[in-house]
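Shown next, in structure tokens, is the structure this report addresses.
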Amino acid sequence: MPRTAFAAVNSSKAGTLLPTETNGDAVNFNEVPNAGNTIILVRNNHATNAYNFVLHVRKQIDGIEVPDRVISVAAQAQYVVGPFDRETYGDTLWIDVNAADIKLRAINVVIP
């Protein structure tokens, strides 16, 4: 099955309304376009359990796979993660979560 896609919004000096949170998909996982200046807002909605947020690294060094970035998100915590260079993470960020309690938003930080 294809990953569950969600979109990023662009920041602006005038202000940008945050996008609606996307539920983490623990079965098909998630993806979002990576502009190279993309950051992810990650929130764990569970009252007591920590859950993992995994960003796939799509780069090899001397033919060796680089490990994925795994972040443990504490219960009721919110994280800002990124930005992600395209050479390492690709043009699309592949995100795996292990619970729908992980909520995701993406922002492309625009620097004029």
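The values are calculated or read from the model by the stated rules, or taken from the named source; none is laboratory data. Note that the structure is a prediction, hence the values are computed from the model and not measured. We place every Cβ from the backbone using ideal geometry, glycine too, and count neighbours over all the protein chains shown.
With respect to the conditions (1) on the phi < 0 side of the Ramachandran plot; (2) at pLDDT below 95, Gly15 lacks only one, and its number is (1). If you go through the stretch 8-17 and pick out every residue that is in a loop (DSSP other than H, G, I, E, B) and surrounded by 11 or more Cβ atoms within 10 Å (Cβ to Cβ), you end up with 2.
Looking across Gly82, Gly24, Gly36, Gly90, one residue alone is touching a residue at least 60 places away in the same chain (Cβ under 8 Å), surrounded by 13 or more Cβ atoms within 10 Å (Cβ to Cβ) and of a type in the set (Gly, Ala, Ser). It is Gly24.
Could you tell me which residue of the stretch 18-77 is modelled with the lowest pLDDT, considering only residues that are farther than 18 Å from Asn98 by Cβ and small (Gly, Ala, Ser)? Top of the filtered list is Gly63.
Does the stretch 41-61 contain at least one residue that is without any contact (Cβ under 8 Å) to a residue 12 or more places away in the chain, farther than 17 Å from Gly90 by Cβ and surrounded by fewer than 14 Cβ atoms within 10 Å (Cβ to Cβ)?
So the first thing to find is which residues in the stretch 41-61 are without any contact (Cβ under 8 Å) to a residue 12 or more places away in the chain, and the list is 60-61.
Next cut, farther than 17 Å from Gly90 by Cβ only: none.
So far as the stretch 41-61 goes, no, none of its residues is without any contact (Cβ under 8 Å) to a residue 12 or more places away in the chain, farther than 17 Å from Gly90 by Cβ and surrounded by fewer than 14 Cβ atoms within 10 Å (Cβ to Cβ).
Those strands (runs of 3 or more DSSP E) of the stretch 20-112 in which 1 or more residues are basic (Lys, Arg), under 18 Å from Arg3 (Cβ atoms) and within 13 Å of the chain's Cα centre (by Cα) occupy 69-73, 102-108.
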